[in-house]
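Asker: The structure's right below; bear with me while I get my questions together.
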Amino acid sequence: MKHWHPTREAAPSWVTVVVRYGEAPELRRAERVKNGWAEHGAKVNFYRDRTPPMPWAEVGTCWVGTHHPVVDVTGLGG
């Protein structure tokens, strides 16, 4: 399975939806938006209207500050 470390690698141009390795897309996923990446799913985005998009380097970072690899789930839905 192809994965990326957002703090060390650039975002692949063809990828539009990723999850941290091991997470379910329906619970938490990052989707590419106009100015970065926005999280969606049952566990996030309660303040969607006030949360600005995050840069790619933050996509795999969890609440503890650990940087996790991410995997492509484009087309898998959520």
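No lab work stands behind these numbers, since they all come straight from the coordinates. In this text, all values refer to a predicted model and were calculated from it rather than measured experimentally. Cβ coordinates were reconstructed from backbone atoms using ideal geometry, including for glycine residues, and neighbour counts include every protein chain displayed.
Asker: DSSP loop (so not H, G, I, E, B), at most 16 other Cβ within 10 Å: list which trypsin sites (Lys or Arg not before Pro) in the chain pass both filters. Spell out each step's value before the answer.
Answerer: Details: sites: Lys2, Arg8, Arg20, Arg28, Arg29, Arg32, Lys34, Lys43, Arg48, Arg50; in loops: Lys2, Arg8, Arg28, Lys34, Lys43.
Sparse-neighbourhood loop trypsin sites (Lys or Arg not before Pro): Lys2, Arg8, Lys34, Lys43.
Asker: Cα atoms only: what Rg and Dmax, in Å, come out for the chain?
Answerer: 11.4, 34
Asker: Expressed as a rounded percentage, what relative contact order does the range 3-72 have, with Cα pairs under 8 Å and six or more residues apart? It would help to have the intermediate numbers written out before the result.
Answerer: Working: 114 pairs, mean separation 29.5, N = 70.
Worked out over the range 3-72, it gives 42 percent.
Asker: I've got another one for you. DSSP loop chymotrypsin sites (Phe, Trp or Tyr not before Pro) in the chain with at most 11 other Cβ atoms within 10 Å of their Cβ, which ones? Show your work: numbers first, answer last.
Answerer: Numbers: sites: Trp4, Trp14, Tyr21, Trp37, Phe46, Tyr47, Trp56, Trp63; in loops: Trp14, Tyr21, Phe46, Tyr47, Trp63.
Filter output for the chain: Trp14, Phe46, Tyr47, Trp63.
Asker: Next question. At Arg48 and Ser13, where each label point lies 7 Å from the Cα along Cα→Cβ, what is the point-to-point distance in nanometres?
Answerer: Distance between label points: 2.9 nm.
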